[in-house]
1. Somewhere in segment 88-106, is a residue at pLDDT below 95, within 17 Å of the chain's Cα centre (by Cα), closer than 24 Å to Gly183 by Cβ and among the basic types (Lys, Arg)?
2. Is it fair to say Ser184 is under 18 Å from Asp79 (Cα atoms) and either buried (at least 20 other Cβ atoms within 10 Å of the Cβ) or within 19 Å of the chain's Cα centre (by Cα) (or both)?
3. Considering only segment 132-142, state which residues are in contact (Cβ under 8 Å) with a residue 12 or more places away in the chain and loosely packed, with under 14 Cβ neighbours inside 10 Å.
4. For residues in segment 102-131 being of a type in the set (Val, Ile, Thr) and out of contact with any Phe, Trp or Tyr (no Cβ under 6 Å at 6 or more places or on another chain), which is surrounded by the fewest Cβ atoms within 10 Å (Cβ to Cβ)?
Amino acid sequence: MKQSSKTMLIIVSFIAIIALATFAYNHFSDNMMLENNLANDSTNDDSNDDVYDILTNDREAAPDFNVIDSYGNEVRLFDIINDGQPVVINFWTTWCPSCVRKMPELQDAYESFGGEVRFMAVNLTDGNRETKEGAMEFIETGGFTFPVYFDIDQSAVSAYGIRSIPVTYFINRNGYITNMHLGSPGLEAFKFELELLLLEP
């Protein structure tokens, strides 16, 4: 009887440990998905950790959202789309290494296409790890001039279901998502996608 009870206790303990480990793993994965960029950013180069989706058939209308610009004004995506120009939305934070590496290419693309394409660098501003002040300091120190917006209430993150960054959405002048790029595509690939976007009717 003692041996049977001991065996049963070991089995129950083992099951409990497995259940606890599974719960901890799932909880950790969900909470760290953005921070770790789903691509092991610290160990892989950008050429290996990129995921590219071309949405060519049943295109999805771009979800609307509200963000705050650098002057504190509320800006609605649909108002920008209604101006009739294509829109590029880049979601980023200062604590994301790939996001930081992407900034110079975003700046270069903005300087080349900013007159024809609207750029939205949407900062995931949670108020704790990522603050508007910290993001603005990063932008000013880096000399970046593309328009920056702050997702204070997580409206944009929720609308687009953002779980990993950086991620860039390409939206045509009619308000439909044409392409999405997860990771840092490289300047030439980024410019090529902008050229394709401009060819959209």
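1. yes
2. On the way: under 18 Å from Asp79 (Cα atoms): no; either buried (at least 20 other Cβ atoms within 10 Å of the Cβ) or within 19 Å of the chain's Cα centre (by Cα) (or both): yes.
Considered against the rule, which asks whether it is under 18 Å from Asp79 (Cα atoms) and either buried (at least 20 other Cβ atoms within 10 Å of the Cβ) or within 19 Å of the chain's Cα centre (by Cα) (or both), Ser184 comes out as no.
3. Gly142
4. Filtering segment 102-131 for residues of a type in the set (Val, Ile, Thr) gives 117, 122, 125, 131.
Remaining after also requiring out of contact with any Phe, Trp or Tyr (no Cβ under 6 Å at 6 or more places or on another chain): 117, 131.
Details: Val117: 20, Thr131: 15.
Per the stated criteria, the residue is Thr131.
The values are calculated or read from the model by the stated rules, or taken from the named source; none is laboratory data. What you see is a predicted model; the values in this text were computed from it and never measured. Every residue, glycine as well, gets a Cβ built from its backbone with ideal geometry; the counts of neighbours run over all protein chains shown.
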